[in-house]
Amino acid sequence: MNQSTISTKILYADDDCDDHFFLRESITCTGLPADIVYLTDGDQVIHYLEKAGDDLPSLIVLDLNMPRMNGKQTLERLKTDIRYADIPVIILSTSNNRMDKEFCTSRGAASYLVKPGHFEGYQEVVRNFVPFLQPSC
């Protein structure tokens, strides 16, 4: 992966600590120049964005199954809010259910990825983020 001194911000919401770890390590291993903000549910995503002002992330990654506000609810909220509608959202979930995928893509998800069962798979997931990232100023 091409190294760069410019960093982008990724907002990652998932209530599983192991998935946070795997994603963070995969970003380090692939050399993706990204700062990650880790949250555990959709309510935290909305709260974070409301306080962020102009310092919005380049990409939002959501798990589907989170407490309080799940990934589907968060996606709908983001895509119906003019302030956040243009931020690409990738769903990263254990669900390989066709209906979940169709629901998310029909609501504006840029991509739907299934969580891999091994560390190397997380590195491939991170490579899928690259087309959606825009460097922060």
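For Leu78, state whether it is of a type in the set (A, V, I, L, M, F, W, C) and outside any strand (DSSP E or B).
Numbers: of a type in the set (A, V, I, L, M, F, W, C): yes; outside any strand (DSSP E or B): yes.
Yes; evaluated as a whole, the condition is true for this residue.
Could you check, for the stretch 19-29, whether at least one of its residues is more than 18 Å from Val126 (Cβ to Cβ) and hydroxyl-bearing (Ser, Thr, Tyr)? Full working, then the answer.
Going residue by residue through the stretch 19-29, those that are more than 18 Å from Val126 (Cβ to Cβ) are none.
Checked the stretch 19-29: no residue is more than 18 Å from Val126 (Cβ to Cβ) and hydroxyl-bearing (Ser, Thr, Tyr).
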### Query
What single numbered condition from (1) more than 11 Å from the chain's Cα centre (by Cα); (2) touching a residue at least 60 places away in the same chain (Cβ under 8 Å) fails to hold for Gly42?
(2)
### Query
Which residues, taken from the stretch 61-72, are closer than 22 Å to Asn128 by Cα, open to solvent by 50 Å² or more (accessible area, probe 1.4 Å) and either in a loop (DSSP other than H, G, I, E, B) or in contact (Cβ under 8 Å) with a residue 60 or more places away in the chain (or both)?
Asn65
### Task
Answer yes if at least one residue in the stretch 92-109 is closer than 22 Å to Leu133 by Cβ, in a helix (DSSP H, G or I) and hydroxyl-bearing (Ser, Thr, Tyr), and no otherwise.
yes
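Give Ser58, Ser106, Ser93 a once-over and let me know the one that is free of Cβ contacts under 8 Å to residues at least 40 places away in the same chain, among the hydroxyl-bearing types (Ser, Thr, Tyr) and either surrounded by 14 or more Cβ atoms within 10 Å (Cβ to Cβ) or within 21 Å of Asp35 (Cα to Cα) (or both). Step through it out loud before you land on a result.
On the way: Ser58 fails: free of Cβ contacts under 8 Å to residues at least 40 places away in the same chain; Ser106 fails: either surrounded by 14 or more Cβ atoms within 10 Å (Cβ to Cβ) or within 21 Å of Asp35 (Cα to Cα) (or both).
That would be Ser93, the only listed residue that is free of Cβ contacts under 8 Å to residues at least 40 places away in the same chain, among the hydroxyl-bearing types (Ser, Thr, Tyr) and either surrounded by 14 or more Cβ atoms within 10 Å (Cβ to Cβ) or within 21 Å of Asp35 (Cα to Cα) (or both).
For every residue, the table says whether it meets (1) open to solvent by 20 Å² or more (accessible area, probe 1.4 Å); (2) at pLDDT below 95.
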{"position": "Ser7", "(1), (2)": "yes, yes"}
{"position": "Tyr12", "(1), (2)": "no, no"}
{"position": "Cys17", "(1), (2)": "yes, yes"}
{"position": "Ile27", "(1), (2)": "no, yes"}
{"position": "Thr30", "(1), (2)": "no, yes"}
{"position": "Val45", "(1), (2)": "no, no"}
{"position": "Asp54", "(1), (2)": "yes, yes"}
{"position": "Thr74", "(1), (2)": "no, no"}
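The values are calculated or read from the model by the stated rules, or taken from the named source; none is laboratory data. Treat the numbers as computed from the prediction; the structure is a model and nothing was measured. Counting neighbours? That spans all protein chains shown, and the Cβs are built from the backbone with ideal geometry, glycine included. The accessibility values were calculated without ligands, DNA or RNA, using every heavy atom of the protein model including side chains. Shrake-Rupley method; radii C 1.70, N 1.55, O 1.52, S 1.80 Å.
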